[in-house]
1. Only residues that are at pLDDT 95 or above, surrounded by 15 or more Cβ atoms within 10 Å (Cβ to Cβ) and assigned to a loop (DSSP other than H, G, I, E, B): list them for segment 120-139, please.
2. Checking the conditions here, which among 175, 201, 166, 187 is in contact with a helix residue (DSSP H, G or I) (Cβ under 8 Å, 6 or more places away or on another chain), surrounded by fewer than 19 Cβ atoms within 10 Å (Cβ to Cβ) and assigned to a loop (DSSP other than H, G, I, E, B)?
3. Which condition number in (1) surrounded by fewer than 16 Cβ atoms within 10 Å (Cβ to Cβ); (2) in contact (Cβ under 8 Å) with a residue 60 or more places away in the chain; (3) part of a loop (DSSP other than H, G, I, E, B) is the one that residue 143 fails?
4. Given the conditions (1) touching a strand residue (DSSP E or B) at 6+ places or on another chain (Cβ under 6 Å); (2) touching a residue at least 60 places away in the same chain (Cβ under 8 Å), and given that residue 192 satisfies all but one, which numbered condition is not satisfied?
5. Evaluate the following for residue 88: is it at pLDDT 95 or above, buried (at least 18 other Cβ atoms within 10 Å of the Cβ) and part of a helix (DSSP H, G or I)?
6. Among residues belonging to segment 13-27 that are out of contact with any strand residue (DSSP E or B) (no Cβ under 6 Å at 6 or more places or on another chain) and surrounded by 16 or more Cβ atoms within 10 Å (Cβ to Cβ), point out the one that is modelled with the lowest pLDDT.
7. Give me the pairs: first residue in segment 153-165 and touching a residue at least 40 places away in the same chain (Cβ under 8 Å), second residue surrounded by fewer than 17 Cβ atoms within 10 Å (Cβ to Cβ), beta-carbon distance under 6 Å, and six or more apart or on different chains, which are they?
C-alpha cells in the first residue's frame, strides 16, 4: 500500500490558556501566546486547555509536548498520542536500508515514517500502524530521536495531563521505558534503529525486527 504524499495535519484551536497548576507551562508571546505544552488535542482537531477540555465533552487523542518559539518555524509544535501502541517491529525482516535520514538532530519523524511506509523491499509494522491512526486529517507518525528528546524533557508534566484526560501514562519504569524512534542507526541502517528511553533520555541500537512499544506524534500547523 502506498500514498503519494505524507499529509501534514492542520489543527484548529480555541481557549488555549492553561489554568491547571499541574499542566500549566511557560507562556509565549505573539503568535504563540495561545498554544502551550499540556494542551489537549481532540479528535475533531480542536486544541483546548485542560479546563476547557473538561467542559467540552470532546474526545482526547493527544497532548501538546513541544511548542516552537520562533516565528520562522515551519510548524507550531508537536503533540503525543495519549496511548501506547502495541509492541511491533520496526521492520519485518533485516538487511534493508529503509531510507530514514539517520540524523540524531533533525526533527524529521514525519519524513522518516513516510520512508518506512513506502519502502518496497520490507514492511514496517510500526509505520503501517501509524498510518492506520489517521483520522480527521491528522497525520500520526513515529517521532525521530530529536523529537523524542523534546518529549523526555517534559515527560512528568505530560504524564499528569495524559492521566487527567484518561489516557495511558508514558511508562518511565527502568526496563519498560524503551520505545521506537523512527531513526535508523547510521552505518547500520540495514539492521538497526534507535530505541529511546523515556526514563533516562538515552538511546540504544536495536535490531529492527524486535518488537517494542511506540508513541506516535502529530505536527501542529498554523491554520
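1. Answer for segment 120-139, where residues must be at pLDDT 95 or above, surrounded by 15 or more Cβ atoms within 10 Å (Cβ to Cβ) and assigned to a loop (DSSP other than H, G, I, E, B): 122, 123, 124.
2. On the way: 175 fails: in contact with a helix residue (DSSP H, G or I) (Cβ under 8 Å, 6 or more places away or on another chain); 166 fails: in contact with a helix residue (DSSP H, G or I) (Cβ under 8 Å, 6 or more places away or on another chain); 187 fails: in contact with a helix residue (DSSP H, G or I) (Cβ under 8 Å, 6 or more places away or on another chain).
Of the residues listed, the single one that is in contact with a helix residue (DSSP H, G or I) (Cβ under 8 Å, 6 or more places away or on another chain), surrounded by fewer than 19 Cβ atoms within 10 Å (Cβ to Cβ) and assigned to a loop (DSSP other than H, G, I, E, B) is 201.
3. (1)
4. The number of the failed condition is (2).
5. Details: at pLDDT 95 or above: yes; buried (at least 18 other Cβ atoms within 10 Å of the Cβ): yes; part of a helix (DSSP H, G or I): no.
Considered against the rule, which asks whether it is at pLDDT 95 or above, buried (at least 18 other Cβ atoms within 10 Å of the Cβ) and part of a helix (DSSP H, G or I), residue 88 comes out as no.
6. Selected residue: 18.
7. Hits for this filter: 160/22; 162/169.
Each row is one residue, and each column tells you yes or no for (1) under 20 Å from the mean Cα position of the chain (by Cα); (2) modelled with pLDDT under 95; (3) at positive phi.
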residue	(1), (2), (3)
183	yes, no, no
187	no, no, yes
190	no, no, no
194	yes, no, no
197	yes, no, no
203	yes, no, no
208	yes, no, no
212	yes, no, no
220	yes, yes, no
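The values are calculated or read from the model by the stated rules, or taken from the named source; none is laboratory data. The model shown is predicted, which means the values in this text are computed figures rather than measured ones. Please note: Cβ atoms are built from the backbone with ideal geometry, for glycine as well, and neighbour counts cover all protein chains shown.
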